[in-house]
Amino acid sequence: MLSILITACSDGNKSPPPVTRFSIGGTVTGIKTSINTIINDIPYIINQNASFTFPINLENGAQYTASISKQPSGLLCNIENATGAIKKADITDVNITCVRNSFSISGIISATEHMVVDSDINDPNAVANISNNVTSSAQLINNLASVHGFVSADPTGRSGDRFQFKSDDSDYYQVNLLAGQVIDLQTMDISNNSIFKGDLSLILLDSHSKIMAQATQGEEFQQITVPTNGLYFILVSASNGATKYRLKLNSTNVLHTPTGQSAHFIANEIIIKFKKNVPNRVLSKHHAHLTLSHHDKSRATLAHTTSHDISQKIFNDVSVPEYLSELAATNNETYEKILTLREIKRLNKLDHIEYAEPNYWHQAQRIPNDQHYHFQWHYPLINLPEAWDITTGEPNNGQIIVAVIDTGIYINHVDFVGKLVDGYDFISSTFNANDGDGIDNDPDDPGDDTSGNSSWHGTHVAGIIAANSNNSVGVSGISWGAKIMPIRAIGTLGASSFDIMESLRFAAGLSNASNTVPAQIADVINMSLGGFGFSQSMQNLINQVNDAGIIIIAASGNDNSSELFYPASYDGVISVSATDIENNKASYSNFGSKIDVAAPGGQISNDINQDGQGDGVLSTLVSGEIEEDEDNRASSYAFFQGTSMASPHVAGVVALMRAVYPELTPAEFKNALISGALTNDAGEVGRDNIFGYGIINALKAVKEAQRIENGGTPPEPPALIISTPASLIMGTQNNATLTLNNESSTEASVTNISIDSTWLNVTEKTVDDITKLGIYDITIDRNNLGDANYDSTITFNLSTGNVLTINVSMVVGNISNIGDIGNAYILLLKTKNNALADIIFPVDVGNGNYTYSFNNVPKGSYNIAGGSDIDNDLLLCQLGENCGGYPTFNTLEDIIISNEDLIDIDFTLNILSKINITNSVQGFDISQFLLPDKN
């Protein structure tokens with residue numbers, strides 16, 4: 001060994017000293033999984049929050065550069081000391097720090113009760129696809145269902161459609177129905193501008209497929225009244241085109257006049273009236289399959305044909321629809337009658353025919369349109385009908401004026417004819433006004449959303465207060481005699497404090513920016529608006545308005561918060577919280593120390609009274625928009641919810657009080673409120689932070705106005721028999737009680753009791769022998785009743801000549817009222833431009849509830865909306881499709897993402913609908929959201 005070492009040394013070449021190399025590293029914090037980095041072009045993945053060392057060692061003086069090659073999802077990461085040089089030591093401070101730059105938005109979506117989706121729709125993404133085209137596969141529904149569906153007489157021929165290559169010409173529904181129930185069908189796609197345009201028929205068949213009723217014919221609306229209790233098939237069929245539809249099964253209504261056309265007509269016979277001067281060659285060419293009783297074109301003729309000839313004429317050797325083939329085999333009479341009706345539809349579209357109709361054994365009854373007051377549950381809830389027995393708001397002298405400071409109103413609404421006095425537009429900013437100018441004398445509402453989703457908020461509020469009433473049109477207002485002073489302060493960006501103050505000054509006859517004052521100042525001011533933040537100048541002005549004798553009512557806000565909300569929280573303003581149909585606090589309503597009184601605001605997600613509508617507040621609205629100087633607005637009606645709806649209930653009641661006692665001052669009103677003279681106590685005894693001094697009671701309020709007007713002594717009141725409760729929703733219960741009391745000192749008694757159903761029994765429990773007032777036992781006998789929702793009416797005839805009716809509802813069997821949204825698309829929209837930021841599918845968690853979560857959402861302002869696309873036209877929220885948004889689709893609120901996840905962003909999906917003046921259900925005219933290609 002020694003010799004080897006000597007030999008090596010004798011070579012004369014020395015080995016270079018070893019090179020010292022140094023490491024580079026640091027710590028990483030804030031990552032969730034991993035982060036991709038690069039150092040001197042060498043990639044390196046760090047997998048945990050801890051100290052780390054890059055896979056590189058450098059000599060003294062060498063340069064290094066580190067960077068992040070890809071930011072982790074939802075994080076923003078930065079490197080400290082990312083560049084530098086080695087200085088005879090390891091580098092240990094290349095630190096990576098990550099923070100979240102995106103967050104999540106999540107919540108629960110609820111389906112409105114009774115909402116049902118047709119089991120075979122055109123959306124290829126719909127999980128369920130069960131044909132309901134024939135009776136053997138009819139879709140089972142409950143007897144209060146609201147169905148949104150799709151039918152197509154022919155294949156759509158459009159790529160990606162479920163029915164691209166085959167038709168979906170019929171939908172059958174099987175259901176236990178009660179005599180007097182009303183079935184409504186609305187055809188949604190009837191316009192030439194629609195992608196689809198359909199022609200539908202509505203027919204009611206018994207369990208043996210015998211026709212029991214056919215609908216009143218109409219292009220858009222059709223209706224049938226169920227003749228007797230029983231198990232039925234409801235047939236919706238398309239004779240031409242394709243369309244969405246809404247099929248709504250309403251509860252029995254004793255005030256409803258039966259509608260529909262008789263099923264007692266003669267198959268293969270048609271009464272035809274040809275237009276004058278139609279050449280006989282036209283008849284020979286187009287109607288060879290008809291044998292006419294005569295050819296005198298001045299009068300109707302009777303045409304005879306056969307089902308074979310009709311089938312050949314309509315289908316021209318093309319395959320007959322499946323539902324007709326089934327009927328031909330199972331019930332030939334129904335088959336022939338439906339073919340006859342199909343031929344009548346075809347004939348009525350020909351230019352040379354004046355009309356064609358069935359040859360009835362009995363002529364169908366013609367009836368007037370129904371009003372929508374029966375949907376305004378919120379009026380009986382505050383004893384308004386009893387108050388109307390005293391006053392409908394017509395003063396003995398002059399006018400009672402309610403100023404509505406809001407978005408303006410649709411001045412040409414049919415329910416505002418003769419109801420308006422001059423108002424003003426006080427929106428000073430042209431960017432906010434949406435009408436091209438600043439303040440002017442035109443308070444007409446041009447819309448408060450430039451994207452076409454205007455709320456028409458002021459129109460809805462004004463209708464609650466004083467829509468034309470008792471005129472066979474639309475809805476009722478609280479005060480039939482009051483006038484509305486429309487004042488516009490809310491624009492596309494909201495309402496500024498200055499514009500609101502100018503509006504108040506005008507209503508009170510004080511000097512203002514318009515340099516004009518009204519001929520008569522307002523008696524009451526309603527402000528269904530607000531925000532957070534106190535203004536001394538506003539408080540000073542409110543003091544002046546109160547000094548002028550004007551009572552100010554305002555909404556407490558919809559944030560479910562106790563934070564002070566203005567103007568409702570100013571001294572001198574009556575702050576109104578909202579209740580639902582069961583007199584509970586509405587889920588959204590603000591609360592706190594400044595609440596004075598509560599009133600109905602609605603809860604659209606519920607249908608407690610089972611009238612087929614969400615329990616919102618029904619009032620006037622607008623369909624259409626002003627687009628490029630073309631005014632497409634039209635009168636309509638809709639259900640809204642909010643303290644914005646509760647506030648005008650109180651304002652309307654104050655208007656009734658002013659009609660009785662015109663000198664009513666703000667102080668007198670507030671004192672009466674505090675004393676309990678105007679309300680029903682709710683919640684804790686006395687005042688509380690939920691209901692204030694109680695829930696407004698129109699009858700008590702009007703009687704208190706009478707008492708004050710008479711110097712403290714009320715006039716002799718009329719007899720007034722009241723039932724507690726006013727209606728019975730018994731569900732699956734078998735027993736209940738109701739109590740009849742006389743709320744007046746004038747004597748009255750019950751003279752007779754009648755019931756319109758055999759399953760309902762009323763017996764005396766603790767009742768006065770003479771007046772028959774007291775407690776009654778109500779019992780239900782469910783024997784031999786089919787599974788369904790049932791309604792009945794107890795009628796008490798009174799010695800005064802009046803009647804008191806009590807509605808009773810109950811359920812037999814395992815009837816589910818849980819709603820189903822079907823296949824829905826939930827959109828995350830950027831507030832600034834409505835651009836689509838994300839789209840997801842909600843997850844069904846049962847009981848009509850669905851969860852959703854948008855993840856990795858960058859900081860910013862967003863809106864959330866969504867719904868179904870049953871016709872697969874890539875447009876959401878069209879008529880007949882379910883739709884919703886946070887908190888409601890009509891009033892989308894901005895959702896601000898800053899530094900935390902947002903939870904409990906809950907909302908409801910409902911079939912998009914309104915009620916028009918023909919007593920038929922119709923959808924909102926709203927903006928539509930284009931979906932990415934779903935295919």
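The values are calculated or read from the model by the stated rules, or taken from the named source; none is laboratory data. All values reported here derive from a predicted model rather than from experimental measurement. Methodologically, a virtual Cβ is constructed for each residue, glycine included, from the backbone with ideal geometry; neighbour enumeration extends over all protein chains shown.
Structure notes:
- Residue that is farthest from TYR852 (Cα to Cα) [pool: residues in segment 874-930 that are modelled with pLDDT under 85 and of a type in the set (Ser, Thr, Tyr)]: THR918
- Taken residue by residue, segment 561-579 has at least one member that is among the aromatic types (Phe, Trp, Tyr), within 30 Å of CYS883 (Cα to Cα) and assigned to a loop (DSSP other than H, G, I, E, B).
- Test for ASP406: is it closer than 23 Å to THR643 by Cβ, touching a residue at least 24 places away in the same chain (Cβ under 8 Å) and crowded, with 21+ Cβ neighbours inside 10 Å: yes
- Qualifying residue in segment 488-500 (condition: surrounded by 23 or more Cβ atoms within 10 Å (Cβ to Cβ), of a type in the set (D, E, K, R) and more than 24 Å from the chain's Cα centre (by Cα)): yes
- Condition check for GLY683: within 32 Å of the chain's Cα centre (by Cα), of a type outside the set (Lys, Arg), at positive phi and not in a helix (DSSP H, G or I): yes
- Set ALA824, ALA788: member being touching a Ser or Thr at 6+ places or on another chain (Cβ under 7 Å), farther than 25 Å from THR739 by Cβ, touching a residue at least 24 places away in the same chain (Cβ under 8 Å) and not charged (D, E, K, R): ALA824
- Failed criterion for GLY692 (all others in (1) surrounded by fewer than 21 Cβ atoms within 10 Å (Cβ to Cβ); (2) over 30 Å from HIS148 (Cβ atoms); (3) touching a strand residue (DSSP E or B) at 6+ places or on another chain (Cβ under 6 Å) hold): (1)
- Selection of strands (runs of 3 or more DSSP E) fully inside segment 750-841 by the criterion of at least 2 residues being more than 21 Å from PRO725 (Cα to Cα) returns 824-830, 836-840.
- Condition check for ALA145: surrounded by 20 or more Cβ atoms within 10 Å (Cβ to Cβ), closer than 17 Å to GLU881 by Cβ, modelled with pLDDT under 95 and of a type in the set (A, V, I, L, M, F, W, C): yes
- From the list LEU302, LEU341, LEU347, the lone residue that is out of contact with any His (no Cβ under 9 Å at 6 or more places or on another chain), modelled with pLDDT of 85 or more and either not in a helix (DSSP H, G or I) or not β-branched (Val, Ile, Thr) (or both) is LEU341.
- THR739 among the polar types (S, T, N, Q), touching a residue at least 60 places away in the same chain (Cβ under 8 Å), touching a Leu at 6+ places or on another chain (Cβ under 9 Å) and surrounded by 14 or more Cβ atoms within 10 Å (Cβ to Cβ): no
- Here segment 357-409 is the region considered, the condition is being touching a Gly at 6+ places or on another chain (Cβ under 7 Å) and of a type in the set (Asp, Glu), and the residue that is modelled with the highest pLDDT is ASP406.
- Of all residues making up segment 103-136, the number that are free of Cβ contacts under 8 Å to residues at least 60 places away in the same chain and either in contact with a Pro (Cβ under 9 Å, 6 or more places away or on another chain) or more than 19 Å from TYR232 (Cα to Cα) (or both): 3
- Of the residues making up segment 63-73, just one is under 11 Å from ASN40 (Cα atoms) and among the aliphatic types (A, V, I, L, M), namely ALA66.
- Subset of segment 420-436 [surrounded by fewer than 24 Cβ atoms within 10 Å (Cβ to Cβ), touching a strand residue (DSSP E or B) at 6+ places or on another chain (Cβ under 9 Å) and not β-branched (Val, Ile, Thr)]: LEU420, ASP422, SER429, PHE431, ASN432, ALA433, ASN434, ASP435
- Selected residue (only one of THR758, THR746, THR763 is modelled with pLDDT under 95, out of contact with any helix residue (DSSP H, G or I) (no Cβ under 7 Å at 6 or more places or on another chain) and either more than 30 Å from GLN174 (Cβ to Cβ) or of a type in the set (A, V, I, L, M) (or both)): THR746
- Of the residues making up segment 569-586, those that are under 18 Å from PHE534 (Cα atoms) and among the acidic types (Asp, Glu) number 1.
- Every residue from segment 48-101 that is of a type in the set (Val, Ile, Thr) and within 30 Å of PRO18 (Cβ to Cβ): THR53, ILE56, THR65, THR83, ILE86, ILE91, THR92, VAL94
- Selected residue [hydroxyl-bearing (Ser, Thr, Tyr) and within 35 Å of the chain's Cα centre (by Cα)] from SER727, SER745: SER727
- Per-region count, segment 470-486, residues in contact with a helix residue (DSSP H, G or I) (Cβ under 8 Å, 6 or more places away or on another chain) and at positive phi: 1
- Residue within segment 815-830 that is over 24 Å from SER106 (Cβ atoms) and in contact with a Leu (Cβ under 8 Å, 6 or more places away or on another chain) present: yes
For every residue, the table says whether it meets (1) more than 29 Å from LEU902 (Cβ to Cβ); (2) modelled with pLDDT of 95 or more; (3) out of contact with any strand residue (DSSP E or B) (no Cβ under 8 Å at 6 or more places or on another chain).
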| residue | (1), (2), (3) |
| --- | --- |
| LYS32 | no, no, no |
| ASN40 | yes, yes, no |
| PRO43 | yes, yes, no |
| PHE52 | yes, yes, no |
| GLY61 | yes, no, no |
| SER73 | no, no, no |
| THR83 | yes, yes, no |
| ASP90 | yes, yes, no |
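- First in segment 465-479 and in the same structural domain as ASP415 (by TED's automatic domain parsing) and in contact (Cβ under 8 Å) with a residue 12 or more places away in the chain, second anywhere and polar (S, T, N, Q) and not in a loop (DSSP other than H, G, I, E, B), Cβ under 8 Å, 6 or more apart: ILE465/ASN526; ALA467/SER619; ALA467/THR620; GLY474/THR620; GLY474/SER635; VAL475/SER619; VAL475/THR620
- Subset of segment 602-632 that is without any contact (Cβ under 8 Å) to a residue 60 or more places away in the chain and under 27 Å from GLN181 (Cα atoms) - its residue that is surrounded by the fewest Cβ atoms within 10 Å (Cβ to Cβ): GLN603
- Of all residues in segment 502-538, those being under 32 Å from the mean Cα position of the chain (by Cα), buried (at least 18 other Cβ atoms within 10 Å of the Cβ) and farther than 27 Å from ASN468 by Cα number 1.
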